[in-house]
Amino acid sequence: MKQTLCAAGILFGALVSTLSIEGALAQRYAFAPAAEAPQSAATPISISTTPHWFALKSLAAGQSTDVGALTYLYGYVLKSDNPAFGGYSALNISADGKDLLALSDRGHVLSARISELNAETCSFDNAVISPLLGKGGAKLSIQAGDAESLIIKGDRAFVGFERVDRLDEYRLRGKQLDYVSPIAGLARQGFKGNNGLEAIISIDAKTIAGISETKNNTGAALGVFIPVCDAPPCAPLTDGFTYNVAESFSVTDIDDIDDKRALLIERSYSRATGVRVRLMEVLKSDIAPGADVSGRLLARLALPEHRVDNLEGISVHTNETGETLLYLISDDNHSARQETQLLVFRLNDEKAP
């Protein structure tokens, strides 16, 4: 059954309140769990969507605009009456571009079949929310369920968590992720509080690299290499690396562009500037034990030119014509004054700064 059909008219979205973002980002984990209905199985939901007004200038809806090495194609604001909806920190678009899967920092999985998603309209079939469970099907606590990053390889899924810092393996079955086993505990990696594992990427068949929000005394983000294997426990953790994130920014997600390159999100917030985002290209060969890694700037997204919320999830997809598309999703912190934005860009390599 079709769950979602976006509005056909052009709608101006209200500007995100900088005060509300400040409060939500500063206290994004200070929520009351009792307000959320427990869920033990996949629950069908309805999602309403409206076109997102990305550029704060005279620009017709659906008209593309270049931002650095990217072209903004279209975007939508997603809403649902289900109290578990929102807070998305990780995103995956399937290889055929037809399935969306997102993880929330409250331990839920959003899964939907993309029927239409373009500059004119959007619709999803069979949107459902299911809990991200732990060993033996146990419901994760608020602390343990803070999922922030995701890799899917076939039916294998690897999920990075912060606060209870770890990497766990799941099996993708239909619209749900079924717990398989722990891959690595990261409690001794020096991650601080809520500044744990935010972004993970496969380096090779046996290694996942993760980047945290925790920074060293020079301001670089701490990274870790996590061995993976078919039958955990796997090999011990190896030497880590650092990533040179811009001052006042933090890494929020990363995904492969191709076998050699990755695209990484850096995000910053201040009351004076609002949300700012830097999209960076990183060479995977640079991510090595002991390395001090830097990225190449592809695009900046920020007020007053662009209306963006707290972008935390990215999925890179190559369409049937060979175009590289970037899907970005924002974490609304379960705040009525923020938005779940789903934005789509095209990567133009020849326009890279």
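Here, each number is a calculation from the coordinates, and none is a lab measurement. Keep in mind the model is a prediction, meaning the values are calculated, not measured. All Cβ positions, glycine included, derive from the backbone under ideal geometry; neighbour counts span all protein chains shown.
In table form, for the structure just shown:
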{"read-out": "Cα centroid separation - the stretch 73-106 against the stretch 220-261, whole Å", "value": "23"}
{"read-out": "P(r) tail fraction, the stretch 197-322 - alpha-carbon pairs more than 19 Å apart, %", "value": "50"}
{"read-out": "Whole-angstrom Cα spans of the stretch 47-163 along principal axes, big to small", "value": "52, 32, 27"}
{"read-out": "Volume in Å³ per residue [convex hull over Cα atoms, computed for the stretch 128-234]", "value": "103"}
{"read-out": "From phi via Karplus (6.51, -1.76, 1.60), per-residue ³J(HN,Hα) for the stretch 287-302 in Hz, x at Gly/Pro", "value": "7, 9, x, x, 6, 10, 8, 10, x, 10, 5, 9, 6, 10, 10, 6"}
{"read-out": "Amide proton proximity set for Gly87, modelled H, under 5 Å, gap of 5+", "value": "Asp332, Asn333, His334"}
{"read-out": "Square roots of 5 times each gyration tensor eigenvalue, C-alpha, the stretch 190-237, largest first, Å", "value": "23, 11, 9"}
{"read-out": "Net charge over other residues, Cβ less than 14 angstrom from the Cβ of Asp165 (K, R count +1; D, E count -1)", "value": "-3"}
{"read-out": "³J(HN,Hα), Karplus 6.51/-1.76/1.60, whole Hz, each residue of the stretch 248-264, x for Gly, Pro", "value": "6, 9, 9, 6, 10, 5, 8, 8, 5, 7, 7, 5, 10, 10, 10, 10, 10"}
{"read-out": "Of every Cα-Cα pair in the stretch 67-129, the percent that sits beyond 14 Å", "value": "63"}
{"read-out": "In sequence order, calculated HN-Hα J values of the stretch 192-202 (Karplus, 6.51, -1.76, 1.60; Hz; x Gly/Pro)", "value": "10, x, 7, 9, x, 5, 10, 9, 10, 8, 6"}
{"read-out": "Span from the the stretch 168-182 Cα centroid across to the the stretch 286-310 one, whole angstrom", "value": "30"}
{"read-out": "Residues Arg163, Arg156, Arg188 arranged by fewest to most Cβ contacts within 10 Å", "value": "Arg188, Arg156, Arg163"}
